Amino acid sequence: MVEEHIHTQTVADQSEEDKEKTEEYTGLSSEEQESADSFRDPEMVALLERSFANVEEGRIVRGTVVQIHDSDVLVDIGYKSEGTIPLREFKTPNGEPLEVNVGDQIDVFLENTEDENGLVVLSKEKADRIQIWEDITKAYEDGRVVEGKVCERIKGGLSVDIGVKAFLPGSQVDLRPIRNLETLIGETIRTKIIKLNRRRGNIVLSRRAILEEERESARQETLANLEEGKVVNGVVKNITDYGVFIDLGGIDGLLHITDISWGRVNHPSELFQVGDEIEVVVLQFNQQEEKVSLGLKQKSADPWETVAEKYPVGSRVNGKVVSITDYGAFVELETGIEGLVHISEMSWTKRVKHPSKIVSMGDIVEAIVLDLDVNNRRISLGLKQIEQNPWAVVAEKYPPGSIVTGVVRNLTDFGAFIELEEGIDGLVHISDMSWTTRVKHPSEVLKKGEQVQAVLLNIDVEHERLSLGIKQLQTNPWEGIANSISVGDNVIGKVVRLTDFGAFIELENGIEGLLHVSEISHQHVKKPEDVLAVGQEITAKVIKLDEENRRIGLSIKAYDEEMGKGAEGETEPAEEKVEATETAETEAAETPVEETPVAEQEQPEAAKPEEPAVDAETPAEPEAEAPKQE
C-alpha cells in the first residue's frame, strides 16, 4: 500500500565523485579560489548530509493535499498518518504565495516518519530546494545557462541567488574588470556554473564565460559580413589620443582621429564617450589579421571637391580663427576647409612678432584668397590685402627722384632707416651719405630721431623696399672735374688719412686723391707717417685723372722734379711714374678692409645707388648689401 502512493527521488549518497564535480576552476585568482572553496549554504549542506545518512527519512515523496487550514496544509503521503506543512512554504521561485487546492499532487521532503504527536514531519520548502539543486546539477552537466539575482558583495566577488546561493568571482563578472561591483546588486544576470561540489553545497558561477561565447559568436558573424565600403553600427569601446576603438560585434575597429571629421578635431573625446552607438564606414579590412579601419567623415561628401568653385583666388571670405602658430593663423572657412594666414600677410606696415598680436582664437576675420592648391588641400589667405597697399600709395606719391622728408628711425652698420610715413621706411645706404667723405658709420652723419631730407632713388612695391640717398641732394663734385683739373697740374691739398701704401689728400670741393708712398720723395720712404702728418698742407702734381672711376693720382716727387728739387740722375720717365701710380692704385684696391656685417651683405641691390661713392684713388672697399627691409 505504501509503495502505491509514494513517488520517490533518491538524493542519498551516490558516492560517484564524477557527480560531485569538485575539480578546481583554474581561471580564478588565489583569493577567488579561497572564497569559492569556503562558500556554502549551511542549511542546504545539513539537509544533504541528512539525506545521505538516512535513506528512509531523507527523501522526496509524492503526496496529496487533503485539507487546507488557516496556517497549514494537511498532506497524505500514503503512510499511516498524514503530515502538516506550513502554508508559508507554498510559494513561487520569486517568493510570491502559491495557490493550493485540495487534491493537488505535490512533492514534499520526508523529514521524520513520526513526531511526538504521531504525525509525519514534511517540508515543501526543502523539497523545492532539493529539486532546485537537482536542476542545477543537470544544468552544470549539460553546460546550460542559469539565471540568478545578485544579492550582495562578498570577499572576492558577488553572492548570486540561482535558487540557492552561489559565488560569482569578480574576475568572472565581465570581459573587463569592473571597479564597482556593487552596481550589479539587485540585477538578474545570466551565468554558467563552472564549479559544483554537491556534498559541500558549493557552487561557483561565471558570467564572463557567457559573454565570451556571445562575443565569439558575434565575431564570427561580423567577420562573415564585413566588407570595405559597407556602413556598419558599433559601440565606442575605448578613446585614445589618436582615435576611437569601435566594437563592431566581437571585433574592434579603429576610427582614426583623421577620419572622424573633415574639420579639425583636437581630441576624440570632444565628440565621443565610451558606450556611444555610432554608424561608421569600413575603409579597410584585413581578414587574416582581423584589422579593421573605420571612417566617419566618409559618410558625407568631401568639401574640397567644390572648394575651387566656392573660394576662387582673389575672392573675399569670412572665417573663424581655429589655431595660432608662430608662423601664422589657421582660419576655418567651413567644416573641413581651413586656410592659412601667414604672419607676413597680416599687416602692410606693422612688424608682427607673433600672430597673437593681431588675431585671437575664435575671432571672426575677413580675408582675401591669395592661392589655392586643391591637390595638397591648402588655401593661402591674406588679412592685409583687405586694405589698400600703402606701398603702392607711396609709389604714386613719391616717384623716383622726389625729395622726401622723414625721421631717422634706426642706425645700422650699413646705413640708416628713415621713416617717411607710419610703417613705411626707406634705407639710406652708407655709400649714399656723402660724395666726398668716407663714412665709416652712419652715426657720423645722422642721429636717431633726427628729421632729414633725402632723395628717393628707387621703390620696389612687390618686395616693400625703398632706397634713399642724402648725397644726391647735392651736385656730384666729380662731374666735370676734368674741366678744373688736368694731368700735369700742380695742386694744393691737405693730408686727411695715412695708410701703409700712401696718403689721401683732400683737394678742392672735398674730393680726395691718392699720394702713393713711392711718389712722396726721391728718397726711400718706408712709412708715409715718417715724412707726412694728418693736417699737413702739401703741393703735388696730378699724374692721373679718371673721372669715370673717380680716381686722382698725385706725386710730390714729380712736383719736386719740376721745381728742380729732385736728386740729380734720379729723375724717372713720366711713363714710369704713371705706371707706379697705377700699381699703387691696384695695391690700394686689393688692401683688405674690415669685414662687412652679415646683415649688410644681404642688402638688396635696389637699396644702393647705381654709382657708389668711391673717393679718388681710395682703396675699393667691398660695398656690402643692406638686409631685407622688413
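The values are calculated or read from the model by the stated rules, or taken from the named source; none is laboratory data. These figures come from a predicted structure and were not determined experimentally. Counting neighbours? That spans all protein chains shown, and the Cβs are built from the backbone with ideal geometry, glycine included. Only protein heavy atoms, including side chains, enter the accessible area calculation; ligands, DNA and RNA are left aside. Shrake-Rupley method; radii C 1.70, N 1.55, O 1.52, S 1.80 Å.
The set of residues from the range 516-550 being at pLDDT 85 or above and of a type in the set (K, R) comprises K526, K527, K541, K544. Selection within the range 396-415: residues that are hydroxyl-bearing (S, T, Y) and outside any strand (DSSP E or B). The member of this set that is surrounded by the most Cβ atoms within 10 Å (Cβ to Cβ) is Y398. Could you go through the range 551-558 and let me know if any residue there is open to solvent by less than 20 Å² (accessible area, probe 1.4 Å) and closer than 30 Å to V455 by Cβ. Checked against the condition, which is being open to solvent by less than 20 Å² (accessible area, probe 1.4 Å) and closer than 30 Å to V455 by Cβ, the range 551-558 yields at least one hit. Of the residues making up the range 157-197, those that are open to solvent by 20 Å² or more (accessible area, probe 1.4 Å), under 17 Å from R208 (Cβ atoms) and among the charged types (D, E, K, R) number 6.
Note on the range 470-485: residues that are surrounded by 15 or more Cβ atoms within 10 Å (Cβ to Cβ) and either among the charged types (D, E, K, R) or touching a residue at least 60 places away in the same chain (Cβ under 8 Å) (or both) amount to 5.
Table: residues versus (1) over 30 Å from G186 (Cβ atoms); (2) part of a strand (DSSP E or B).
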site	(1), (2)
V65	yes, yes
D70	yes, no
S81	yes, no
E99	no, no
G103	yes, no
L110	yes, yes
D115	yes, no
G118	yes, no
V121	yes, yes
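Of L372, L411, L420, all but one fail to be touching a Pro at 6+ places or on another chain (Cβ under 9 Å) and over 27 Å from W262 (Cβ atoms); the exception is L411.
For the range 456-469, filtering for residues that are crowded, with 20+ Cβ neighbours inside 10 Å and β-branched (V, I, T) leaves 1. Just a yes or no: is a residue in the range 135-156 in contact (Cβ under 8 Å) with a residue 40 or more places away in the chain, open to solvent by 40 Å² or more (accessible area, probe 1.4 Å), in a helix (DSSP H, G or I) and of a type outside the set (D, E, K, R)? Checked against the condition, which is being in contact (Cβ under 8 Å) with a residue 40 or more places away in the chain, open to solvent by 40 Å² or more (accessible area, probe 1.4 Å), in a helix (DSSP H, G or I) and of a type outside the set (D, E, K, R), the range 135-156 yields no hits at all.
Anything in the range 157-175 that is more than 49 Å from the chain's Cα centre (by Cα) and assigned to a loop (DSSP other than H, G, I, E, B)? List them, or say none. Matches in the range 157-175: I162, G163, V164. In the condition set (1) in contact with a strand residue (DSSP E or B) (Cβ under 9 Å, 6 or more places away or on another chain); (2) among the acidic types (D, E); (3) in contact (Cβ under 8 Å) with a residue 12 or more places away in the chain; (4) within 30 Å of P169 (Cβ to Cβ), E216 is compliant with all but (1). Within the range 578-585, one or more residues are out of contact with any Lys or Arg (no Cβ under 9 Å at 6 or more places or on another chain) and either modelled with pLDDT of 75 or more or open to solvent by 40 Å² or more (accessible area, probe 1.4 Å) (or both).
The listed residues are G328, G336, G314, and the only one of them that is within 29 Å of I257 (Cα to Cα), out of contact with any His (no Cβ under 8 Å at 6 or more places or on another chain) and of a type in the set (G, A, S) turns out to be G336.
If you check G488 against the conditions, is it open to solvent by 30 Å² or more (accessible area, probe 1.4 Å) and modelled with pLDDT of 85 or more? Yes; evaluated as a whole, the condition is true for this residue. Checked against (1) among the small types (G, A, S); (2) crowded, with 20+ Cβ neighbours inside 10 Å; (3) touching a helix residue (DSSP H, G or I) at 6+ places or on another chain (Cβ under 6 Å), S434 meets all criteria but (2).
On the stretch given as the range 511-536, residues that are open to solvent by 20 Å² or more (accessible area, probe 1.4 Å), small (G, A, S) and either free of Cβ contacts under 8 Å to residues at least 24 places away in the same chain or not in a loop (DSSP other than H, G, I, E, B) (or both) total 1. Residue-level analysis places L74 among those that are without any contact (Cβ under 8 Å) to a residue 40 or more places away in the chain, in a strand (DSSP E or B) and not polar (S, T, N, Q). Per the listing S347, S269, S293, the residue uniquely assigned by the TED database to the domain that holds D259, polar (S, T, N, Q) and not in a strand (DSSP E or B) is S269.
Would a scan of the range 280-298 turn up a residue that is over 29 Å from A224 (Cβ atoms) and loosely packed, with under 15 Cβ neighbours inside 10 Å? Taking every residue of the range 280-298 in turn, none turns out to be over 29 Å from A224 (Cβ atoms) and loosely packed, with under 15 Cβ neighbours inside 10 Å. When the residues of the range 305-321 are filtered to those that are hydrophobic (A, V, I, L, M, F, W, C) and either touching a residue at least 60 places away in the same chain (Cβ under 8 Å) or more than 11 Å from L372 (Cα to Cα) (or both), the one that is surrounded by the fewest Cβ atoms within 10 Å (Cβ to Cβ) is A308.
Does K447 satisfy the condition of being outside the structural domain of R551 (by the TED database), without any contact (Cβ under 8 Å) to a residue 40 or more places away in the chain, open to solvent by 10 Å² or more (accessible area, probe 1.4 Å) and closer than 29 Å to V394 by Cα? So K447 fits the description; yes. Only a single criterion out of (1) open to solvent by 60 Å² or more (accessible area, probe 1.4 Å); (2) under 26 Å from V428 (Cα atoms) is not satisfied by D500, namely (2).
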